[in-house]
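One structure is given here, and the rest of the page talks about it.
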Amino acid sequence: MRTTTPSQDFIRGIWDENPVLVQMLGLCPALAVTNSVKNALAMSAATFFVICCSSVLVSSCKRFIPNEVRISAYILVIATFVTLADMLLQAYAPVQHKELGAFMALIVVNCMILGRQEAFASKNNPFRSLLDAVGTGIGFTIALLMMGGFREILGTGAFLEYSLFGPNFEPWVIMVLPAGGFLTLGFILLAMGYAEHRKKANEIVNEQVKTAL
């Protein structure tokens, strides 16, 4: 396994290996609940709590988990923290809890969380596992807030329910519908691909200039 430093464990999941925008994991909540920034924040907070707590617990107890039942054990750990997150959200943010609906329970089968338990937490100490989980959670939050902000601004003409364009703005209703999630993700990936293409093109030009000189 490639050796990494603690800082690399933390930074990796934020952008270079962003779970949504690069690895294409956790797309179900990313597409379904990002029709507003508040919903995106609620889902991000719940997912962040679950991935951090489950990573630390799996890393701490990995020596006691038989290899034959490790996936089942990871799912049980994740389900426990999802239940806690669901109860906390229902108690302190009932409106968002109702908006998220069944997608809260679906955090249990989020490939992003289960993948980090299998690929990292089960092979590293609790501190490194927490750093990896925090970085991945931040990356997931960034992706959901980008999508939620874009969709809410165009779909309602507001941001966090504060009007931006006045009463004459005609909302793009499609942006708050399920199809808007696919369109938004496509636009973001297109912009990222274009930026990466320009970066590589500039590097090639700079190399050619250095060679010519």
Ellipticity estimate at 222 nm from DSSP helix runs (n ≥ 4, -39,500 (n - 2.57)) divided over the chain, nearest 500: -22500 deg cm²/dmol
Derived scalar couplings ³J(HN,Hα) [region 161-177; Karplus, 6.51 cos²θ - 1.76 cosθ + 1.60; whole Hz; x for Gly, Pro]: 6, 9, 5, 10, 10, x, x, 8, 6, 9, x, 8, 4, 4, 6, 9, 8
Lys/Arg +1, Asp/Glu -1 at C-beta; region 159-213 dipole; positive extreme among Met175, Asn202, Ile188: Asn202
Candidates Asn202, Asn124, Asn35, ranked by Gaussian network fluctuation over the chain, Cα under 10 Å, top entry: Asn202
Dipole moment magnitude, nearest 20 debye, region 6-212 about Cα centre, only Lys, Arg, Asp, Glu C-beta charged: 420 debye
Cβ charges +1 (Lys, Arg) and -1 (Asp, Glu), total dipole of region 1-129, debye: 260 debye
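Hey, can you list the DSSP H helices of the chain whose Cα span along the axis is 30 Å or longer and whose average Kyte-Doolittle score is at least -0.5? Each step should come with its number before you reach the end.
Details: long enough: 37-61 (35 Å, 1.56); 70-92 (33 Å, 1.42); 126-156 (43 Å, 0.95); 178-212 (52 Å, 0.08).
Span-like helices here: 37-61, 70-92, 126-156, 178-212.
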Relative contact order %, region 37-168, counting alpha carbon pairs below 8 Å whose residues are six or more apart: 41 percent
Nonlocal amide H pairs with Phe159, under 5 Å, H built at 1.01 Å: Leu164
Sequence-distant residues sharing a close amide H with Asn18 (under 5 Å, placed H): Gln23
Approximate spin-label separation Val22-Asn125, in nm, with each point projected 7 Å along Cα-to-Cβ: 2.5 nm
Eligible lysines near Lys210 by straight Cα distance, threshold 23 Å, same-chain separation 8 or greater: Lys199, Lys200
Percent of C-alpha pairs per 5 Å bin, the chain, short to long: 1, 7, 13, 16, 16, 14, 11, 8, 6, 4, 2, 1, 0, 0
Cα→Cβ-extended label distance, 7 Å offset, between Leu177 and Ala212, nm: 5.1 nm
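Each reported figure results from applying straightforward, stated rules to the coordinates on display, with no laboratory input. Given the structure is predicted, the values throughout are model-derived calculations rather than measurements. Virtual Cβ from ideal backbone geometry, glycine too; neighbours counted across all protein chains shown.
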